[in-house]
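Below you'll find the structure, written out as structure tokens, and then a few comments.
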Amino acid sequence: MKHRTEWFEELQKNVSDLIARSPVADVERNVRGLMTQAFSKLDLVPREDFDIQAELLRRARADLQQLVLRVEVLEAKLAERQGGPAAALSSDSQEQK
């Protein structure tokens, strides 16, 4: 039985050596090297950094939307104080001249 186990181990070693020296292994190493080189030329960021920036952008957009609404409310109040929407429109046209 021990002789059979040794034979299987030797066969496994020989097959592993054959695979390691085969053209498939060379192709794999070459492809891996090419991919590593290509990725190093790209401006890639880790997923965690991307997720953080996406969340910051989402918050900035929400803040901007709130600010736009506040400006619209303030512009409406200003227009009311100046005599209504027509006064606001005429003052805008005078500023553009």
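The values are calculated or read from the model by the stated rules, or taken from the named source; none is laboratory data. Values in this document were obtained by computation on a predicted structure and should not be read as measured data. Cβ sites come from the backbone with ideal geometry, for glycine too, and all protein chains shown count toward neighbours.
Just one of ARG47, ARG32 is surrounded by 10 or more Cβ atoms within 10 Å (Cβ to Cβ) and free of Cβ contacts under 8 Å to residues at least 40 places away in the same chain; which is it? Let's see the steps before the verdict.
Working: ARG47 fails: surrounded by 10 or more Cβ atoms within 10 Å (Cβ to Cβ).
Only one candidate qualifies: ARG32.
Report whether or not GLY83 is surrounded by 10 or more Cβ atoms within 10 Å (Cβ to Cβ), at pLDDT below 95 and not in a helix (DSSP H, G or I). So that I can check it myself, show each step before the final result.
Numbers: surrounded by 10 or more Cβ atoms within 10 Å (Cβ to Cβ): yes; at pLDDT below 95: yes; not in a helix (DSSP H, G or I): yes.
Yes.
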